[in-house]
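Novice: Input: one structure, supplied below.
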Amino acid sequence: MLGLRTMDIFHRVVGEGKPIVILHGVFGSGDNLFTASKLIAAGGYKVYLLDARNHGLSPHDPVHNYKVMAQDLDTFLSKEGLDKPIIIGHSMGGKTVMEYSQHYDNYSKLVIIDIAPKAYKPHHSHILNGLKAINLAEVKNRKDAETTFSEYVSEFGERQFILKNLYRKDNGGFDWRINIDAISNAIEDISSEIALTKEITAPTLFLKGELSSYINEEDEKQIKQTFTNCYIVEIKGANHWVHATKPQEFVATILSFVKR
């Protein structure tokens, strides 16, 4: 529809029942939400965990923006024959869901996790600089990579999350699952605003973490102007990674919403 080059993206499936499609955030993969997806699937749903382009096991491509990621999603839904699924997206995935809603209508409900449509100041430079500083030719084990990366990323949990992208090749060397160059070149696009010009009347849940600053009161006003049938729910004690910091509350809130 949008005339951009799309690709067949990798996915995993959990459970059986009504389809739910989940999109992860930047530097992540579908595996980040695998534990939550099993709990959601137990409620009677077939959950599709997608790896975005340039992430996980999906192909790499120099183009990385929300228009083409929305088209990747539409291509996936068409290929799998999914009709009116529930679509869930976290952070970058949430913005992809918003972009998708502006150009397509193959969904029944939407869940957007801790992200607003606004532009954010790019704040991933320390991560990208750290990734680029790791000389894979000299890495003998994961500890070598973490030692270098820790000079750029101080928080242990964040380092562990990012370094999940490092894998050992058949020849014994290491490589990245993420396309560092493409993500680095697209960081302004990833942080950019989603232009909301079309009213969305489908039931939509916005989940926000109490300890996160990604969605504020002004954002909520803008959200409600476009998503006129939306619910905004704050998860107590959760940060931006709502599904990781408060998994039980995250799953319970989503199941309550999708079963309405």
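Values quoted throughout were computed directly from the atomic coordinates according to the rules given, and no laboratory measurement underlies them. Since the structure is predicted, the reported quantities are computational estimates derived from the model, not experimental observations. All Cβ positions, glycine included, derive from the backbone under ideal geometry; neighbour counts span all protein chains shown.
Novice: If you rank Thr204, Thr253, Thr228 by fewest surrounding Cβ atoms within 10 Å, what's the result? Before the final figure, lay out each step's value.
Specialist: Values: Thr204 25, Thr253 19, Thr228 12.
Going from sparsest to densest Cβ surroundings: Thr228, Thr253, Thr204.
Novice: Mind pulling the per residue volume of the convex hull built on the Cα atoms of region 118-260? Å³ is fine.
Specialist: 154 Å³
Novice: 222 nm [θ] for the chain, helices only, -39500 (n - 2.57) per DSSP H run of 4+, per residue, to 500? List each step's numbers first, then the result.
Specialist: Numbers: 11 runs with 96 residues, N = 260.
Per the formula, -10500 deg cm²/dmol.
Novice: Would you indicate which of (i) 127; (ii) 150; (iii) 303 is the value of volume of the Cα convex hull per residue in Å³ derived from the coordinates of this structure?
Specialist: Recomputing volume of the Cα convex hull per residue in Å³ here picks out (i).
Novice: Which order do the peptides 237-248, 28-39, 174-185, 75-86 take when ranked by the mean count of other beta-carbon atoms within 10 Å per residue, highest first?
Specialist: 28-39, 237-248, 174-185, 75-86
Novice: Right, another one. Taking θ = phi - 60°, what integer Hz values does the Karplus form 6.51 cos²θ - 1.76 cosθ + 1.60 yield along region 228-233, in sequence order, with x for Gly and Pro?
Specialist: Ordered by residue, 3J(HN,Hα) equals 7, 10, 10, 10, 10, 10 Hz.
Novice: In terms of Cα to Cα distance under 13 Å, which aspartates and glutamates are near enough to Lys121, apart from those fewer than 8 places away along the same chain?
Specialist: Counting by Cα, and skipping residues close in sequence, Lys121 has these aspartates and glutamates nearby: Glu188, Asp189, Glu193.
Novice: Please report the antiparallel percentage of the DSSP beta bridges confined to region 83-204, to the nearest 5.
Specialist: Of the beta bridges lying entirely in region 83-204, close to 35 percent run antiparallel.
Novice: With θ set to phi - 60°, apply the Karplus curve 6.51 cos²θ - 1.76 cosθ + 1.60 along region 145-152 and write out the HN-Hα couplings as whole Hz, x wherever there is a Gly or Pro.
Specialist: 5, 5, 4, 5, 5, 5, 6, 10
Novice: Oh, and also: Quick check: net charge around Phe174, other residues with Cβ under 14 Å of its Cβ, Lys/Arg +1 and Asp/Glu -1?
Specialist: Details: positive: Lys140, Arg142, Lys143, Lys164, Arg168, Lys169, Arg177; negative: Glu138, Asp144, Glu146, Asp170, Asp175.
Local net charge: +2.
Novice: Using only Cα atoms, what is the ratio of the radius of gyration of region 125-185 to 2.2 N^0.38 Å? Write down the numbers at each step before the final one.
Specialist: Values: Rg = 10.9 Å, N = 61, 2.2 N^0.38 = 10.5 Å.
Its radius of gyration relative to the 2.2 N^0.38 Å reference: 1.04.
Novice: Okay, moving on. Which whole-Hz couplings ³J(HN,Hα) result when phi for each residue of region 64-80 is put into the Karplus expression 6.51 cos²θ - 1.76 cosθ + 1.60, θ = phi - 60°, listed in order with x for Gly and Pro?
Specialist: These are the phi-based 3J(HN,Hα) values: 8, 8, 6, 4, 6, 5, 5, 6, 4, 4, 5, 4, 4, 4, 5, 4, 7 Hz.
Novice: If you take the beta carbon distance between Thr197 and Lys121 as r and set R0 to 25 Å, what does 1/(1 + (r/R0)^6) give as a FRET efficiency, to the nearest 0.05? All intermediate terms of the calculation are to be shown ahead of the outcome.
Specialist: On the way: r = 24 Å, r/R0 = 0.95.
For Thr197 and Lys121, the calculated efficiency is 0.60.
Novice: Pop the C-beta distance of Asn185 and Glu151 into the FRET formula with R0 = 25 Å and round what comes out to the nearest 0.05.
Specialist: Details: r = 23 Å, r/R0 = 0.93.
With a Förster radius of 25 Å, E is 0.60.
Novice: Within a 10 angstrom radius of the beta carbon, how do Glu155, Glu210 rank from fewest other beta carbons to most? Working shown, then result.
Specialist: Numbers: Glu155 9, Glu210 13.
Lowest to highest Cβ neighbour count: Glu155, Glu210.
Novice: Which lysines have a Cα lying under 22 Å from the Cα of Lys118, excluding residues fewer than 8 positions away in the same chain?
Specialist: Here the lysines satisfying the reach criterion relative to Lys118 are Lys67, Lys95, Lys109, Lys198, Lys208, Lys221, Lys224.
Novice: Using unit Cβ charges (K, R positive; D, E negative) and no other charged atoms, how large, in debye to the nearest 20, is the dipole of region 125-185 about its Cα centre?
Specialist: Numbers: 9 positive and 9 negative charges, 41 e Å.
My answer is approximately 200 debye.
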